[in-house]
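Asker: Attaching a single structure in structure tokens format; questions to follow.
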Amino acid sequence: MTSLHRFSAASRMEWIKLRTLRSTWWTLAVTVAGATGIGIAVGANSKDASADLTNNVLAGVAPGLLLVGVLGVLTMTSEYSSGMIRATLAAVPDRPLLLAAKASVLGLVTLVLGEVTAFAAFLAGRAALHGRLTAPGLGQPGVLRA
């Protein structure tokens, strides 16, 4: 079996483990809800049109990063407490390959989660702005980069 096939098999194994844990889904849900809720709260409390409204409505993304770190710790260490690491290492004895598979699956999940969360927080926070403030649009300079 080639390295690519072994990596693909290890990645599929890690994806199955990650998506079948309830803690993964709870962490992802709390991340999206928390970042969106903070974006709404900050957007609703924005009073000054001269402030950076894009940064204001994306204020919840930074605390969401802490929850992504929690998900990373859970992904890398949860097997040790239950003893499942023995079965994992029996299936994939190449530790660097296993680490790369875990990291790539976690990285892909957090990339998708980050994009969904940023757009949800931006759109919800934008909707919560007061009527007298001009809401930032996605087409304005620097908004998509933020």
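Asker: What residue among L123, L65, L21 has the largest mean-square fluctuation in a Gaussian network model of the chain, using Cα springs under 10 Å?
Answerer: Its mean-square fluctuation being the largest, the pick is L21.
Asker: Taking the alpha-carbon centroid of each part, what is the distance from the stretch 29-76 to the stretch 89-121 in angstrom?
Answerer: 21
Asker: Now for a separate question. Accessible area per residue, 1.4 Å probe, Å², for the chain: what's the number?
Answerer: Result: 59 Å² of accessible area for each residue.
Asker: Taking all protein chains in place and a 1.4 Å probe, what share, in percent, of the accessible surface of the chain do carbon and sulfur account for?
Answerer: Values: 5910 of 8660 Å².
Roughly 68 percent of what the probe reaches on the chain is carbon or sulfur.
Asker: At a Förster radius of 25 Å, what calculated FRET efficiency corresponds to the Cβ-Cβ distance of T20 and L66, to the nearest 0.05? Walk me through the intermediate numbers first.
Answerer: Working: r = 24 Å, r/R0 = 0.95.
The pair T20/L66 has a calculated efficiency of 0.55.
Asker: So how far apart, in nm, are the two label points at M76 and R6 if each is 7 Å from Cα heading toward Cβ?
Answerer: My value for the distance between the label points is 2.2 nm.
Asker: Relative to the longest principal axis of the chain, what angle (0 to 90°, nearest 10) does the C-alpha long axis of helix 22-44 take?
Answerer: Approximately 10 degrees, to the nearest 10.
Asker: Order the following by accessible area, largest value first: W15, W25. Probe radius 1.4 Å; ligands, DNA and RNA are ignored. List each step's numbers first, then the result.
Answerer: Numbers: W15 110, W25 140 Å².
So, going from the largest accessible area down, we get W25, W15.
Asker: Take each of the peptides 115-121, 86-92, average the number of other beta-carbon atoms within 10 Å over its residues, and list them starting from the highest. Intermediate values should be presented prior to the final figure.
Answerer: Numbers: 115-121: 18.0, 86-92: 12.9.
The packing order, highest mean first, is 115-121, 86-92.
Asker: Could you work out the relative contact order of the chain? I mean the mean sequence separation of Cα pairs under 8 Å and 6+ apart, divided by the number of residues, in percent. Could the numbers behind the result be given before it?
Answerer: Values: 142 pairs, mean separation 58.3, N = 146.
Result for the chain is 40 percent.
Asker: Would you work out which of I38, V57, A9 lies farthest towards the positive end of the dipole of the chain, given +1 charges on the beta-carbon of Lys and Arg and -1 on that of Asp and Glu, about the Cα centre?
Answerer: Of the listed residues, the answer is A9.
Asker: Can you tally the net charge around L18? Count Lys and Arg as +1, Asp and Glu as -1, for every other residue whose Cβ sits under 14 Å from the Cβ of L18. Write down the numbers at each step before the final one.
Answerer: Details: positive: R12, K17, R19, R22, K102; negative: E14, E79.
Result for the neighbourhood of L18: +3.
Asker: Name all residues of the stretch 64-98 having a backbone nitrogen under 18 Å from the label point set 7 Å from the Cα of V30 along its Cα→Cβ direction, giving them as ranges.
Answerer: 64-79
Asker: Round to the nearest 10 and give me the degree value, 0 to 90, for the angle of helix 3-20's Cα axis relative to the longest principal axis of the chain.
Answerer: The two axes meet at around 60 degrees.
Asker: Continuing with this model, one more query. Between (1) 72, 42, 25; (2) 47, 32, 25; (3) 62, 30, 18, which entry matches Cα extents along the principal axes in Å as derived from the coordinates of this structure?
Answerer: Correct label, based on the coordinates given: (3).
The values are calculated or read from the model by the stated rules, or taken from the named source; none is laboratory data. The model shown is predicted, which means the values in this text are computed figures rather than measured ones. All Cβ positions, glycine included, derive from the backbone under ideal geometry; neighbour counts span all protein chains shown. Accessible surface areas use protein heavy atoms only, side chains included; no ligands, DNA or RNA. Shrake-Rupley method; radii C 1.70, N 1.55, O 1.52, S 1.80 Å.
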